[in-house]
Amino acid sequence: MQLTEISRSEDAVATLTLNWPAKKNALSIAMRDEVSDALDALAADESVKVVVITGAGGVFSAGFDLREFGSPDPAVQQALWPSSDRFHHTVLRFPLPTVAAVDGPALAGGFDLATLCDIRIASETAVFAHPEQAFSDVLYRPLAELVGGASARYLTLSGRRIDAAEALRIGLVAEVVPAAELMDAVGRLARDIARGPREALIRTKAKAVQRMGIDVGMATLAM
């Protein structure tokens, strides 16, 4: 089963959709690997200037597939963290601008995916939280880069859920729109970005990644 879909427009914009709505677009090993493979391919496509990342079925992503953490299969355990490390670095270091179109829940690893994108636009139904705070480390640095230390500590240490209006207030998202207008709003922003020269966009994105100070080899749980 293919878990992602890619579409392209004539405006140099590609859309990568997490397409596993029955599982709330859970970021399983297979899903993470598909996303990483898709982004690697899009990075090499000279016709693409901007990538939109979104989720199908009114859910951005509910986070990692927790069943895999307890799987007795050695192959699953062997792939779990290398897949995660590759996924996070691939999204973070994607050389072109990325826009997250967040509809519905963006939880745990789904919240991380949104924060690893360059810009986020949310629907009025969007919610963000780190419920994994109850049992795991939480990615801190990408979120702190966006909202500052006070808000990042509040969200990562408490696991509290915030709605789209609060996300806008703290600077996590750039805009909040009705759900029916989300992809139109994201499309307008993506086309504005795509007016820039591809090489200039790549240079600006590289500056943003460098400023975050995350080393290439840094493991997921060290971020």
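Just so you know, all these numbers are worked out from the coordinates, no wet-lab data involved. For clarity, every value in this text was computed on a predicted model and none was experimentally measured. FYI the Cβ positions are ideal-geometry reconstructions off the backbone, even for glycines, and counts take in every protein chain you see.
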**OP:** Evaluate the distance, in nm, between pseudo-label points positioned 7 Å from the Cα of Ala222 and of Met1 along their respective Cα→Cβ axes.
**Re:** 3.5
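What share of the DSSP beta bridges in the chain is antiparallel, in percent to the nearest 5? Walk me through the intermediate numbers first.
Values: 7 of 29 bridges.
That works out to approximately 25 percent antiparallel.
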Original post:
What helices does the chain have that are whole DSSP H segments, at least 15 Å long along their own axis by Cα, and with mean Kyte-Doolittle hydropathy of 0.5 or more?
Top reply: 182-194
Original post:
Looking only at region 110-144, which residues have a backbone nitrogen under 16 Å from a spot 7 Å from the Cα of Ala208 in the C-beta direction?
Top reply: 112-122, 142-144
Original post:
How big is region 94-223 by the Kirkwood estimate over distinct Cα pairs, in Å?
Top reply: 15.3
Original post:
Gap in Å between the Cα centre of region 193-219 and the Cα centre of region 109-142?
Top reply: 20
Original post:
Fewest first, what order do Leu27, Leu221, Leu189 take by the number of other Cβ atoms within 10 Å?
Top reply: Leu221, Leu189, Leu27
Subject >> Stokes-Einstein diffusion coefficient of the chain, Kirkwood radius over Cα pairs, 25 °C, 0.890 mPa s, in µm²/s >> reply: 141
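Could you give the dipole magnitude of the chain about its Cα centre, charging the beta-carbon of Lys and Arg +1 and that of Asp and Glu -1, in debye to the nearest 20?
Its charge dipole is roughly 560 debye.
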Original post:
Got a sec? How would Tyr154, Tyr140 order by Cβ neighbour count within 10 Å, fewest to most?
Top reply: Tyr154, Tyr140
Original post:
Considering every Cα-Cα pair within region 121-177, what fraction, in whole percent, is farther apart than 16 Å?
Top reply: 39
**OP:** Take Phe69, Phe87 and order them by how many other Cβ atoms sit within 10 Å, fewest up front.
**Re:** Phe69, Phe87
**OP:** Can you tell me the relative contact order of region 1-130? Whole percent, Cα pairs under 8 Å, sequence separation 6 or more.
**Re:** 25
**OP:** Can you find, among Ser7, Gly104, Leu42, the residue farthest towards the positive end of the dipole of region 1-135? Put +1 on the C-beta of Lys and Arg, -1 on that of Asp and Glu.
**Re:** Gly104
